[in-house]
Amino acid sequence: MKNFILPFLLLLLFNISCENQDELLESKVASYDVYVAGTENLQVAYWKNNQKTILPGGDNLNGVQIEVDNNDVYVLAVNIESIDQVPAWYFWKNGVKNNVAQYLNVTENTTTVKDNLSLSRKMIVSNGNVYFAGTMKNPNPTSSADQFQICYWKNGIKTVVSSTSSEYVGGFEIFNNDIYMVTRKNFNPLNMTWDLTHYKNGAVFSAVANTSVAPEDYYKNLSDLFLLEKSFSSPPNNYSYTQSYKNVQTSANFNMPANINTAAIKYIYWNDTDQYYVGNTFYYKNSTLVQINDPTGFNQIGHLFVNDQNIYMTRIHNNMVKFYINNVETMMINDITKGCLNDIFVVQN
């Protein structure tokens with residue numbers, strides 16, 4: 001199962017360009033199917049082993065996530081703000097499109113402020129079950145304090161976690177068949193503090209009041225669930241911060257290696273055994289620096305994914321993007337102005 005964070009959305013274009021692979025590369029990756037999701041020519045698509053599938057009804061949308069579960073292929077897409085500023089979400093299962101708001105039985109948004117629904121840009125698929133989390137307009141409010149509900153949905157069935165209008169989702173994850181959510185509420189702009197609350201299966205699991213620690217997202221390995229936290233030093237006068245992990249079950253902190261400048265890290269990716277800290281033209285595997293020095297200038301890292309020590313990566317240069325497996329170019333697109341490349345998923349055959 002993959003676990004990585006993408007705190008920004010890259011507008012890339014990803015097309016098929018078959019290259020001859022050396023025997024070493026083939027021997028390392030031949031037992032895997034490689035999926036990439038994104039948008040090309042303003043059409044949602046995914047690629048399986050370089051073979052493109054255009055998803056029906058995906059015009060003018062942006063494919064942001066792909067999951068493969070029990071041989072079923074799921075793709076999540078959102079609106080492209082430069083075309084339609086009203087937030088919307090869609091997902092496909094094996095090519096069949098679903099409007100997520102309708103799937104969740106929630107009124108679709110009509111304005112740019114997410115007046116009815118605001119979802120985490122993350123879909124979890126596990127053993128055939130589809131999960132979403134976010135905020136929806138309360139259909140039966142009793143006062144101005146409960147105009148919205150924090151919820152998660154399993155196969156379209158809603159569980160209300162909280163009905164506090166000022167509460168916002170900071171992440172959600174499935175771990176050992178339990179559903180975890182973390183939120184911020186009671187924001188105080190004068191001293192930049194808020195209350196941080198963990199929920200487990202819809203009930204409060206732990207809570208910290210008046211903190212300046214912001215939740216980034218959950219990460220997990222085979223044995224533990226962690227929350228990436230961004231700790232601001234002395235707000236509101238100083239907005240510098242450090243990043244660390246907290247074990248959700250034990251509350252023990254797990255700090256990044258001391259030799260890493262956390263301010264230079266764009267996002268973090270975990271797999272079952274290693275941690276990857278990704279910068280603009282470099283990444284750390286645990287505490288070891290790997291600098292990208294491509295002779296053709298393709299040094300800017302877009303996305304990184306690791307499976308069985310194989311490194312899958314997109315890299316950008318001069319309005320072009322290339323896709324690499326173990327530092328070997330496998331595909332290239334010449335224009336990133338009309339599309340995007342947002343997710344990678346690898347399945348062992």
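For TYR90, the conditions (1) under 21 Å from VAL36 (Cα atoms); (2) out of contact with any helix residue (DSSP H, G or I) (no Cβ under 8 Å at 6 or more places or on another chain) are fulfilled apart from (2). Considering (1) β-branched (Val, Ile, Thr); (2) modelled with pLDDT under 95; (3) open to solvent by 50 Å² or more (accessible area, probe 1.4 Å), the lone condition that ILE157 does not fulfil carries the number (2).
Checking the stated criteria, THR314 turns out to be out of contact with any Ser or Thr (no Cβ under 9 Å at 6 or more places or on another chain), part of a strand (DSSP E or B) and touching a residue at least 24 places away in the same chain (Cβ under 8 Å). Taken residue by residue, the range 268-284 has at least one member that is open to solvent by 30 Å² or more (accessible area, probe 1.4 Å), acidic (Asp, Glu) and free of Cβ contacts under 8 Å to residues at least 60 places away in the same chain.
Among residues of the range 74-91 being more than 17 Å from the chain's Cα centre (by Cα) and among the hydrophobic types (A, V, I, L, M, F, W, C), the one that is least open to solvent (accessible area, probe 1.4 Å) is VAL86. Within the range 326-345, residues that are closer than 13 Å to VAL34 by Cβ and assigned to a loop (DSSP other than H, G, I, E, B) have Cβ atoms under 6 Å from residues that are open to solvent by less than 20 Å² (accessible area, probe 1.4 Å) and not basic (Lys, Arg) in these pairs: ASN326/LEU25; ASN326/ASN310, counting only partners at least 6 apart in sequence or on another chain.
Scanning the range 160-192 for residues that are within 15 Å of TYR219 (Cα to Cα) and open to solvent by less than 40 Å² (accessible area, probe 1.4 Å) turns up GLY170, GLY171, PHE172, GLU173, ILE174, PHE175, ASP178, ILE179, TYR180, MET181, VAL182.
Are any of the residues in the range 117-131 surrounded by fewer than 16 Cβ atoms within 10 Å (Cβ to Cβ) and over 20 Å from the mean Cα position of the chain (by Cα)? There is no residue in the range 117-131 that is surrounded by fewer than 16 Cβ atoms within 10 Å (Cβ to Cβ) and over 20 Å from the mean Cα position of the chain (by Cα).
The values are calculated or read from the model by the stated rules, or taken from the named source; none is laboratory data. Not measured: the values here are computed from a predicted model. Note that each Cβ is placed from the backbone with ideal geometry, even for glycine, and that neighbours are counted across all protein chains shown. Surface areas here come from the heavy atoms of the whole protein model, side chains and all, with no ligands, DNA or RNA. Shrake-Rupley method; radii C 1.70, N 1.55, O 1.52, S 1.80 Å.
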